[in-house]
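Peer 1: Mind looking over this structure? Questions follow.
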Amino acid sequence: MAEKPIVILPEDFQRIMGKDAQRNNILAAKTISEMIKTTLGPKGVDKMLVSPTNDITITNDGVTILEEMQVEHPAAKMMVDIAKTQENEVGDGTTTSVMLAGKLLENAEKLLDQKIHPTVITKGYRLAADKCQEILKEISFKITSDNKEMLKQIAMTAMTGKGAEEFKEKFAEIIVDTVLQVKNNEDVDLTNIKIEKSKGDGIQDTKLISGIILDKEKISVDMPPLVHNAKIALIDCPLEIQNPEIDTKISISTPQQLQDFLEQEENTIRKMIEKIKLSNANVVFCQKGIDDLAQYLLSKSGIYACRRVSRSDMEKIAKATEGKIVSNLNELDPSDLGSADIVREFKHGEDSFTYIEGCQNPKALTILIHGGTEHVVDEIERAIKDGLGDVASALKSGLVVPGGGAIEIELAKRLREFSQGLSGREQLAVEEFASALEFIPATLAENAGLDPIDILTELKSRHDAGERNAGLNLFKNKIEDVFEAKIIEPWKIKSQAISSATEVAIMILRIDDVIASSGESKSKGKVPEMPEY
Ligand code: ADP
Ligand code: MG
């Protein structure tokens, strides 16, 4: 009897199984890690990325490179996700985390070649990761918000080798002041820090504004360009007559009725403005629209006003000026007003801004970044964000570790000691995990033109001799106590990198079957045809 073929998957599905699937995924992950490793550390280089619309990004930042690259391969996409998680959780360490995952997989491949089953490898990796976290906590140093000097060093370490390098001392000061100002106990909500960018002037003109900068101008030229002792009303209802949501008809039969109707509308607006005046506000930020009559009345009363301010900016202004956002004008009370020394309009080139400055105890602040070109300003922004993330994260956990590869070497050493107590095959996996960690100092050395093997050998022997903070100081190209050399990073960078790299490596190792619909990829990349006229 002839066998009938059984159709399980449609024709356009592609299936890769077993070893092929595994090797394929590992190769993709390794490629991603190899690609960005040249950017690691202070001597790492930048990459220039050109988007399909020819926009150029020049950066040293791991997550930015990966996001712009528009990776297609599913396993490679998982690597990009590690960088994104790292960025969201810490704000720095993206290159490190992706490199670790890549190396874990590369080393796993060696074990696969020795016919060690993936489940044994994943079990060993999991054991190693757990132990690693335990050791990491044990060998971290404590830090509190009183230790401003050390916080500054953390910010500087984060910015070393980036576009901000030259002015990193000044930026570190700004970063630490900002974080300490907005912190709530030891918790820092980075969304309370606004970053505004202004093209023109030099990088050195970057500064901290104790208040908020809005990219909005005042709505009428007749309004005062500057208000001292600002009393700020934050309003999230429209200062205009709202169109009814449903179609409405009003029958008007006499000119007088029309007149009355218009007057009534006008009166509504007048009453609104009266209420604002009654509260003694001299500045109004409105989340919705402000109509012509309202504009006129506000200008006549010498009130500075901006409209259509975004919700997130409204919230930041409220935090900076200690004001309250009011939804109902009837409830506007003088105690709801925020205050600032100065509110002023500022024109810079073609851009207009409103500065809200001199807030007393602002819980939201702005860092205004200056730089010659857009690319410079963008790269400075990324560097400052790394610094902000690191300082905030160090405060939150209260733990820091020495950089320059010192922590990785110490972890690797202790992991190897731990592996001695394990059974044969798991022991191999834990040892491979340890050697993956050493990939970080080796790459730091390689990127600086030093011999990675020499550096690793010396680092290991100094750690064996008990120098647990011995790391590679790339300011001097020398191995020394990096804690004393002030190369310090938050604990969370390493702990997050280790946990997400392990998770993804394990996840990729467990896959032995890739079933892909090719329907989508067929249509992808095709340019739609232009209709003919
Ligand atoms: P990531 O995206 O992982 O943060 P970076 O390019 O910012 O990558 O590099 C971070 C690495 O550079 C860390 O391992 C850190 O310890 C190291 N590093 C920073 N400053 C120095 C320095 N002066 N000497 C040696 N290593 C440094
Ligand atoms: Mg970094």
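Peer 1: So how do 501-513, 218-230 stack up, highest first, on mean other-Cβ count within 10 Å?
Peer 2: 501-513, 218-230
Peer 1: Quick one: dipole size for region 148-295, taken about the Cα centre, charges +1 on Lys/Arg Cβ and -1 on Asp/Glu Cβ, in debye to the nearest 20.
Peer 2: 420 debye
Peer 1: Beyond a 21 Å Cα-Cα separation, which of these cross-linked pairs lie in this structure: 115/494; 77/123; 47/84?
Peer 2: Pairs exceeding 21 Å: 115/494; 77/123.
Peer 1: Can you grab the distance from the C-alpha centre of region 412-477 to the C-alpha centre of region 198-223, Å, no decimals?
Peer 2: 48 Å
Peer 1: Arranged from highest to lowest average of other beta-carbon atoms within 10 Å per residue, in what order do the peptides 112-121, 54-63 appear?
Peer 2: So the peptides 112-121, 54-63, ranked by packing, come out 54-63, 112-121.
Peer 1: Tell me the angle of helix 406-419 to the major Cα principal axis of the chain, expressed in degrees between 0 and 90 and rounded to the nearest ten.
Peer 2: Its long axis makes an angle of about 50 degrees.
Peer 1: Straight-line reach from residue 324: which lysines have Cα under 17 Å away, leaving out those fewer than 8 places along the same chain?
Peer 2: Leaving aside lysines fewer than 8 places away in the same chain, those within reach of residue 324 are 231, 275, 277, 288, 316, 363.
Peer 1: Still on this model: For Cα pairs less than 8 Å apart in space and 6+ apart in sequence, what is the mean separation divided by the residue count of region 33-109, i.e. the relative contact order in percent?
Peer 2: Relative contact order here is 31 percent.
Peer 1: Shifting gears a bit: Just want to confirm a number: the relative contact order over region 440-509, from Cα pairs under 8 angstrom separated by 6+ residues, in percent.
Peer 2: 17 percent
Peer 1: Over the chain, with the other protein chains present, what is the accessible area per residue in square angstrom, probe 1.4 angstrom?
Peer 2: Each residue of the chain exposes 49 Å² on average to a 1.4 Å probe.
Peer 1: State the antiparallel share, in %, of DSSP beta bridges confined to the chain, rounding to the nearest 5.
Peer 2: Counting only bridges with both partners in the chain, antiparallel ones make up about 70 percent.
Peer 1: Hey, what did the chain get for relative contact order, percent, Cα under 8 Å, at least 6 apart?
Peer 2: 26 percent.
Peer 1: Accessible area of the chain with a 1.4 Å probe: how many percent of it is carbon plus sulfur?
Peer 2: On the chain, the fraction of accessible area on carbon and sulfur atoms equals 49 percent.
Peer 1: Measure nothing but the geometry: give the 0 to 90° angle between the long axis through the Cα atoms of 374-397 and the longest principal axis through the Cα atoms of the chain, rounded to 10°.
Peer 2: 70 degrees
Peer 1: Something else: Just to confirm the number: angle between the C-alpha axis of helix 18-37 and the first principal axis of the chain, 0 to 90 degrees, nearest 10?
Peer 2: Compared with the principal axis, the helix lies near 60 degrees.
Peer 1: Right, another one. Got a sec? What order do 345, 217, 322 fall in by accessible area at 1.4 Å, biggest, i.e. largest, first?
Peer 2: Descending accessible area places them as 322, 217, 345.
Peer 1: When the dipole is taken about the Cα centre of the chain, and only Lys, Arg (+1) and Asp, Glu (-1) are charged at their Cβ, what size is it in debye, to the nearest 20?
Peer 2: Charge dipole, the chain, about its Cα centre: 920 debye, nearest 20.
The values are calculated or read from the model by the stated rules, or taken from the named source; none is laboratory data. Bear in mind that the values here come from a model prediction, so they are computed numbers and not experimental data. Note: ideal-geometry Cβ built from the backbone for every residue, glycine included; neighbour counts use all protein chains shown. All accessible areas refer to the heavy atoms of the entire protein, side chains included, with ligands and DNA or RNA removed. Shrake-Rupley method; radii C 1.70, N 1.55, O 1.52, S 1.80 Å.
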